[in-house]
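First the structure, in the form of structure tokens, and then the observations on it.
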Amino acid sequence: MGLWSFLSFSFLAFVLLYSFHPKFVAQAEVSSPKGRFYRLEVTPLEARTIRQSTEVKVNNSAKVFIASESEAAVALKPNNGKEEGNETQSGLGHGALIGNKMAPNCHNRLKIPGKKCDNISEDSQAQSALNIMLENTFPEMKKRAKRSVLSTYSENVDRSTSGEAQSRERFVETVQGVSNSRPEYRRTAEEARGSNPRQSEPHLDTSTFALSGDSAHNQAMVHWSGHNSSVILILTKLYDFNLGAVTESSLWRSSDYGSTYTKLNDKVGSRTVLSYLYVCPTNKQKIMMLSDPEVESAVLISSDEGASFEKHPINFNILSLLFHPAQENWILAYSHDSKLYSSMDFGRKWQLIHENVMPGRFYWAVMGLDRESDVVHIETRIAKGRAQYVKCRAQRCTEGNRLYLFPGHVDTNSLVVQDEYVFTQVTKSGRASYFVAYMRESFKRMKLPKYCLPKDMHIISTDEKQVFAAVQEWNQNNTYSLYISDSPGVYFTLSLENLRTSRGPGGNLLVDFYKVEGINGMYLANKLLDNHVKTFISYNKGQTWALLPAPAADVAGNNLHCILPFCSLHLHLEMSENPYTSGPITSKKSVPGIIVAAGNIGTELSSTNLGMFITSDAGNSWRQIFDEEHNVWFLDNGGALLAVLHAVTPIRHLWISLDEGKKWDRHSFSLAPLYVDGVLMEPESDNHIITFFGHFSHRSEWQLIKIDYKGLFNRRCMDGDYQTWHLHNKGELCVMGEKQNFMKRRPGNRCMLTQDYSRIYSSEPCLCTAYDFECDYGWERQADGKCSPAFWFNPNGATKSCSTSQSFLNSTGYRKVLSNNCKEGGRNVYSPKRQACRPRPPRGLRLSTSQGELSATVGSNVTFMIYLDDGDSLRTSIQLDFGDGIKITYSNLSRTDDGINHVYRTTGIYRVTASAENNQGSDSSTLFLHITSPVERIYLAAPIVAIRGKEVNLTAVVWPSHTRTLTFFWWFDNSSEPIITLEGSISYTLQREGKNKVTVQVASGSTVMQDSKVITVKEFFRSLLLSFSLALDEHNPDIPEWREDIGRVVRTALSQVSGVLEDQLLVSLYPGLPSTAELFILPDEHTSSEHKRGSEEALETISDIFVTALNQGLIQFELKANIHIIVYMTQQTLAPLVDSNSIHSGSAMLVLVTVVFVGLAAFFIYKFKRKIPWIHVQAEDSHEKEPEVISTVGQNDDMSKVKLSEFPSPKELMEKELEARSRGGCGRNMERIVTREFPNCTNV
């Protein structure tokens, strides 16, 4: 009874556990092998990566595997692309949501055909886009109760099913490593089929291994090392989601294709916590692992597929890696602090390359294009939203060795280096411009149809020296249009409108566009048509598109009656987000014409009622093979198909087809149902091993099931095992300009395919038709299939080829599709026609800067571009007048292709004029270029006292000087609106008595500076000019604060001597040397207007008092200890050179008298030079405006004094000082002053 109770309880627990098992939703970027079609995005240019070791995460109650790809892959967008298809990894993913941390991966790199993904990269924010985390949530998709209905059942299925009930179990003890404490279960082919199987029947050999002691680990990374290698490495980890770190890890290694595994923790260090595992893509025997930076920063290196390791500490935390495409020891490493490092010895030593590098925006040289193989292309951040394209060598990237190949700044996250192309983006005034450099030549603006007006662009592919781009036009919101370029990637034409798009987990754009492997020029795309998403197919590289025909019957044999165009087949084209699933669509280069995809039949694409469909004739006809979604992989180089149900429940069966999906055999791979987390296989290998990994329950250990499917075949294929089939497009045998016959294995033959057999049996070129050509730039495809010019395009415009010869190839409106092999007949109606360059007058001359900007900083290199719409460019001379007195002439237009560079040395607005002329006529184009420099300081020259109702002159002196390139804003008191001028001076009338504040602001680009002054306005006042002892000049730092303090001290001294209130006195010192000042005597504020005359008389009396006191030397103050400064009346006498009380010898007195005489003569000339006709002083800067004099003379002109006009005005003194400083001095005492506390000699 106790035993029966125990068994009942166990059975109940088993049912409950499986009843509540969640479906795992897998989402991750995956790698793909050579030749796959990738999605790439050039513009919003954030980075997204595809890693060579992709990580799968689970929460505390679920597990996930992370496989390291046996072939490297490349991510697609310069930032957010989408990759089509997946055959590098196999896997059945039960689900996953994006995690918070991931291993470095293959970054946002564009695919290079035939090369491996070298990059493992991404920043901390983008890392989550590549991790897979299994979450305990049920899927929203409809659960089906029944299994798929097969199109054909085999006798072997029945025998296999019945035999499983009688299968016997056999346990084999293993003695390798720690596995001796763990039994390994093996199921032979005989056990799988039953007790008395026939050996010739297809069978699978399976074995299971459990990773002992790692049941708590919730992450794992798997890598199949080497090509045809028997080594598999697995890194399991315990990731603490609360701490955000890895706390435990175990490294396992198998050397027998996964039959047994050995734990290697002792070899890497028992206390070492490993975070990521990477394999060199060019030599997969070389392994690199990273330790968790929370514990230690180190790399562990192996050169023998993990048999031994050596540890090397590093002083930075690696966020991403990029392996060189050819040199196995060369690696780039990106750190958490945005620094880029390089290693030339596989991680043993590292050297800093550059700082402030954008994540995922660094690339190794492309072999055959870059001169040196160690060249690195980098995007470096210089400001918010602004970056630079830098090119240098990995070990020599000092400032002097860096090349800045793009003229100006680029948008951040916009640099993409892929194949022959370099892409970047520049946004000005809210509109983005896209640039491309082909074959490492200079950058050119990418040309879309004139009124496309793109809002966004994403590069999809650069295969076959041609660019496919998804462009969101100005009137599109959720869709994009497909554009195809010429070879240089400059001129684009429309292929298909309104492509369906979606957003990935990281916000990256996914475009429903798929390249079929093995068939040249064949593509599938989902298009939004009349608010319905439909699937279209093209056989001529996007020139024509057609709906997919639906199968005649469903999987059960029921007629569907689906008639085009009202009903058709629709397929899901998005890539798999789980690296261990096949994705909704798959094809393989080694089996051209076979496509397997998930989809539905009806009027539009749907996410419900999905079934699996297959075509064996390149999309001309389709068959339904399952009525539920499955993951399907190609086995044996495409000779067999493996299908696994995409289920939320544990499974124990898989399906195999050897006849292109016509008949499926069911095989059992496990006695107990398994939650399958993924499937791993090595593509293009000679072994026939696949690995299922998963778990029996949430708390069980990782289960690794090795499946050897070699038993499906009985021999290698011979010549008689193949048959040919003809590629066609709805009966038309000419596809991409040729008739092609392919060879494939006869359905039902159980022979193994060899990797080197030829898939193309024969090919024969066809005569060209209009659909072998795409419409040239500026031409559009009409309903009858012909290309005609767009309304905005002039087909008779200038042709650059006329610049180098007497004739040119004139477009007929057609451009032959790249890789199309058709032959034209005798008439050659589509190819360009060679025509003589006819003399034509130049028309449509356009002049612009390379960046489209109309401003530049002084001293910078400005590149001018000249375009000619129409004219004989060979015989047309070009002249460019830069507006600064320099002109340059070119004999023809071709010499200006790369732009014309010029440097402006002074600020100003320059009229730049381009002229084109030949013997037929001329044309010209003009632009006005603003050359500016940063404003360092500004000084407002204004009187401190003014008469009410009379104009005062205000001058803003700017350093360095600018000529009409600044904007001045004048604010008076509490005015709500400023007065705006382009000149730095203004005349203004102040009407309110009292203190009036004036503020001037100067704007130069985004820089704004200001200065303010307070002007006291009175009905009348008196003023006197003052001078000081020469000792004051020796201590004059000539800064505003010092002048204000001296003025306050002098005012106090005047008030003390005369008894006049300080409120009636103002003293203003002028800038520069010698030190001079002006005394303003103001009327008493309490005097009424009827006593105005009395006040004027009082001011005259006060003025006389001050004149007497100043002449007698009564006004003085102490500057510092033993330094007394005497204030003088300027018009009366100069300050004495010596103290009058001193006694001197006769010779000394003679010397003093001589000095005094010379001083008087010099002072007289200085004061009255403008009135002496034979003395002429010319300003150094002849272009400067003549200073305006600020009158400070009172109303009583009869008063005896020297007028202010006889002295330098404030502006004159400021200008003289600035000119002196620009020559390296700050007056005669500059050398002494700069050694003290006023090093800048700032005059403001």
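The values are calculated or read from the model by the stated rules, or taken from the named source; none is laboratory data. Note that the structure is predicted; figures quoted are calculated from it, not measured. Cβ coordinates were reconstructed from backbone atoms using ideal geometry, including for glycine residues, and neighbour counts include every protein chain displayed. The protein model used for the area step is the full one, side chains on, heavy atoms only, and it has no ligands, DNA or RNA in it. Shrake-Rupley method; radii C 1.70, N 1.55, O 1.52, S 1.80 Å.
Brief remarks follow.
- In the set SER259, SER255, only one residue is within 27 Å of ASP345 (Cβ to Cβ), surrounded by 17 or more Cβ atoms within 10 Å (Cβ to Cβ), among the hydroxyl-bearing types (Ser, Thr, Tyr) and over 31 Å from the mean Cα position of the chain (by Cα); that residue is SER255.
Table: residues versus (1) within 30 Å of ALA956 (Cα to Cα); (2) touching a Phe, Trp or Tyr at 6+ places or on another chain (Cβ under 8 Å); (3) open to solvent by less than 60 Å² (accessible area, probe 1.4 Å).
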{"site": "LEU1024", "(1), (2), (3)": "yes, yes, yes"}
{"site": "PRO1040", "(1), (2), (3)": "yes, no, yes"}
{"site": "GLU1044", "(1), (2), (3)": "yes, no, no"}
{"site": "GLY1047", "(1), (2), (3)": "yes, no, yes"}
{"site": "LEU1054", "(1), (2), (3)": "no, yes, yes"}
{"site": "VAL1057", "(1), (2), (3)": "no, no, no"}
{"site": "ASP1063", "(1), (2), (3)": "yes, no, no"}
{"site": "SER1075", "(1), (2), (3)": "yes, yes, yes"}
{"site": "GLU1096", "(1), (2), (3)": "no, yes, yes"}
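- Residue tally, condition under 24 Å from LYS391 (Cα atoms), open to solvent by less than 20 Å² (accessible area, probe 1.4 Å) and of a type outside the set (Phe, Trp, Tyr), over the range 433-460: 5
- Odd one out for ARG895, checked against (1) at pLDDT 90 or above; (2) in contact with a helix residue (DSSP H, G or I) (Cβ under 9 Å, 6 or more places away or on another chain); (3) open to solvent by 60 Å² or more (accessible area, probe 1.4 Å): (1)
- Residue count for the range 818-857 under the criterion of being open to solvent by 40 Å² or more (accessible area, probe 1.4 Å), of a type outside the set (Gly, Ala, Ser) and more than 30 Å from SER877 (Cβ to Cβ): the result is 9.
Residues checked against (1) β-branched (Val, Ile, Thr); (2) under 29 Å from PHE323 (Cα atoms); (3) more than 17 Å from the chain's Cα centre (by Cα):
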position: TYR421; (1), (2), (3): no, yes, no
position: MET439; (1), (2), (3): no, yes, yes
position: GLU464; (1), (2), (3): no, yes, yes
position: ASN478; (1), (2), (3): no, no, yes
position: ARG500; (1), (2), (3): no, no, yes
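- Test: residue in the range 653-669 that is within 41 Å of the chain's Cα centre (by Cα) and open to solvent by less than 30 Å² (accessible area, probe 1.4 Å): no
- When residues in the range 991-1011 are screened for being open to solvent by less than 40 Å² (accessible area, probe 1.4 Å) and either at pLDDT 85 or above or assigned to a helix (DSSP H, G or I) (or both), 8 of them pass.
- Selection of the range 722-764 for residues being open to solvent by 60 Å² or more (accessible area, probe 1.4 Å) and outside any loop (DSSP other than H, G, I, E, B) yields THR724, HIS726, GLU732, LYS739, ILE760, TYR761, SER763, GLU764.
- All positions within the range 690-721 that are assigned to a strand (DSSP E or B), of a type outside the set (Asp, Glu) and open to solvent by 10 Å² or more (accessible area, probe 1.4 Å): GLN703, LYS706, ARG715, ARG716
- Considering the range 806-817, and only residues there that are open to solvent by less than 40 Å² (accessible area, probe 1.4 Å) and not aromatic (Phe, Trp, Tyr), the residue that is nearest to LEU767 (Cα to Cα) turns out to be VAL817.
- Positions within the range 366-420 being surrounded by 15 or more Cβ atoms within 10 Å (Cβ to Cβ), of a type in the set (D, E, K, R) and outside any strand (DSSP E or B), in sequence order: ASP370, ASP374, ARG402, ASP419, GLU420
- Extreme residue, modelled with the lowest pLDDT, among residues of the range 206-229 that are under 19 Å from ASP304 (Cα atoms) and in a loop (DSSP other than H, G, I, E, B): GLY226
- Taking the conditions (1) under 21 Å from SER442 (Cβ atoms); (2) in a strand (DSSP E or B) in turn, VAL958 satisfies each one other than (1).
- Assessment of the range 860-877 against the conditions (small (Gly, Ala, Ser), in contact with a strand residue (DSSP E or B) (Cβ under 8 Å, 6 or more places away or on another chain) and modelled with pLDDT under 80) yields at least one matching residue.
- Checking each residue in the range 302-332 for being among the aromatic types (Phe, Trp, Tyr) and either crowded, with 20+ Cβ neighbours inside 10 Å or part of a strand (DSSP E or B) (or both) picks out PHE309, PHE323, TRP330.
- Selected residue [part of a strand (DSSP E or B), modelled with pLDDT of 90 or more and either closer than 24 Å to LEU494 by Cβ or not aromatic (Phe, Trp, Tyr) (or both)] from ARG846, ARG834, ARG815: ARG815
Yes/no matrix, rows are residues, columns are (1) more than 18 Å from MET1009 (Cβ to Cβ); (2) of a type in the set (D, E, K, R); (3) open to solvent by less than 20 Å² (accessible area, probe 1.4 Å):
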{"site": "THR906", "(1), (2), (3)": "yes, no, no"}
{"site": "SER933", "(1), (2), (3)": "no, no, yes"}
{"site": "ALA942", "(1), (2), (3)": "no, no, yes"}
{"site": "GLY949", "(1), (2), (3)": "yes, no, no"}
{"site": "ALA956", "(1), (2), (3)": "no, no, yes"}
{"site": "TRP959", "(1), (2), (3)": "no, no, no"}
{"site": "HIS962", "(1), (2), (3)": "no, no, no"}
